[in-house]
Amino acid sequence: MSLPAVSVRSASLRRLTGALSAHIAAQWQARGALAWCLWPLSQVFGGIAALRRAAYARGWLTSHRLPVPVVVVGNLTIGGTGKTPTVIALVAALREAGFTPGVLSRGYGVRLTQPREVNETTAAHEVGDEPLLIARRSGVPVWVCPDRVAAGKALLTAHPACDVLVCDDGLQHYALQRDVEIAVFDRRLAGNGFLLPAGPLREPLTRPRDANLINSSQRGDMPDWPETFQLTLQLDLAWCVSQPELQRPLDHFSGRRVLAAAGIGVPERFFAALRAAGLSIDTLPLPDHYDFARNPFDGVTADTILITEKDAVKCLAWRDPRLWAVRAQATLDARFVSLVVEKLRGHPTV
């Protein structure tokens, strides 16, 4: 299969960046020489983070409470863990429990000074790929802004029936008070347990939160942490990007020349899931949040190109019939859903 027709320089840079990222990720899983060399810097980082948390806790910096309960789904570590599918699944579970949720997001990589609503026809480059995917999959109001408080107020003004807000990311956004905090991990867990840059942690593992979700299909990957639940992500059917109503199960692509591409935090997780589904694939890892301003598939001779839905929302105007988006479905532990619902129903009115 031919590789994408990109310049030697850009291809070399991408390989170098990928190799460097893989090396850092490997170092973060062990307390090797590099991690220990960076450990003093991690103490500085931890001190700054602790001072910032204390400033909000003691009122030196202002935090705001919205008139409805807020659930934050985020990461304590760097890298993709399956947070966006979790938000989509949690929103569906809350609706089933009788709530009317809305979603707040920062809008990664987008410059916004005012809150903006996301709908199915919004362009990804205007609001971010993850908020657009959540809006298309969940069907609930989604608003984006780096200022989550402003976004929450705007959402509630436009949609007063909403009685709970789910924050896509934002565990460290202390300006917005929250009622339930959920940290999502994958099988890498907390890595070597060090803070950045010596390890993958944004905050100490001892940081309080209400629940941990571990994105892994293996029960052996579950740590002995309080309030820890398994999160299972499974690939569902695929839909044609140029003709979304056309849907096929993954085994439909067996025996074809398939290129799998992913611009997500951990592309290999997507590739491994496709192989587990019985597909033989060539792979093209792309940078997380790849903007698709340049077509990476020019010159590719594959019969089928499989991408994630997060990537697909940036390619909706493309007319390449080989391009198919694979849906990832998150399954939440019923005990976890009950925990969140109970905490929300005990939320004090303001």
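The values are calculated or read from the model by the stated rules, or taken from the named source; none is laboratory data. Because the structure is predicted, anything quoted here is derived from the model rather than measured. Backbone-built Cβ (ideal geometry, glycine too); neighbour counts: all protein chains shown. Remember, those area values only see protein heavy atoms, side chains included, never the ligands or the DNA or RNA. Shrake-Rupley method; radii C 1.70, N 1.55, O 1.52, S 1.80 Å.
Considering only residues in segment 55-73 that are at pLDDT 95 or above and outside any loop (DSSP other than H, G, I, E, B), the one that is most open to solvent (accessible area, probe 1.4 Å) turns out to be His64. What about Ala273, is it in contact with a strand residue (DSSP E or B) (Cβ under 6 Å, 6 or more places away or on another chain), surrounded by 14 or more Cβ atoms within 10 Å (Cβ to Cβ) and assigned to a loop (DSSP other than H, G, I, E, B)? When the stated conditions are applied, Ala273 does not pass them.
In segment 24-38, which residues are of a type outside the set (S, T, N, Q) and either open to solvent by less than 50 Å² (accessible area, probe 1.4 Å) or closer than 17 Å to Thr77 by Cβ (or both)? Answer for segment 24-38, where residues must be of a type outside the set (S, T, N, Q) and either open to solvent by less than 50 Å² (accessible area, probe 1.4 Å) or closer than 17 Å to Thr77 by Cβ (or both): Ile24, Ala25, Ala26, Trp28, Ala30, Arg31, Gly32, Ala35, Leu38. Checked across segment 233-243, the condition of being among the polar types (S, T, N, Q), in contact (Cβ under 8 Å) with a residue 12 or more places away in the chain, in contact with a strand residue (DSSP E or B) (Cβ under 9 Å, 6 or more places away or on another chain) and within 21 Å of Asn215 (Cα to Cα) holds for at least one residue. Among the residues of segment 74-101, which ones are open to solvent by 10 Å² or more (accessible area, probe 1.4 Å) and among the aliphatic types (A, V, I, L, M)? Once the filter is applied, which keeps residues that are open to solvent by 10 Å² or more (accessible area, probe 1.4 Å) and among the aliphatic types (A, V, I, L, M), segment 74-101 yields Ile78, Ile88, Ala89, Ala92, Ala93, Ala97. For segment 156-174, the set of residues classified as open to solvent by 20 Å² or more (accessible area, probe 1.4 Å) and part of a loop (DSSP other than H, G, I, E, B) consists of His159, Pro160, Ala161, Asp163, Asp169, Gln172, His173, Tyr174, listed by residue number. Consider segment 296-336 and keep the residues that are surrounded by 18 or more Cβ atoms within 10 Å (Cβ to Cβ) and out of contact with any strand residue (DSSP E or B) (no Cβ under 7 Å at 6 or more places or on another chain). The one that is nearest to Thr84 (Cα to Cα) is Lys310.
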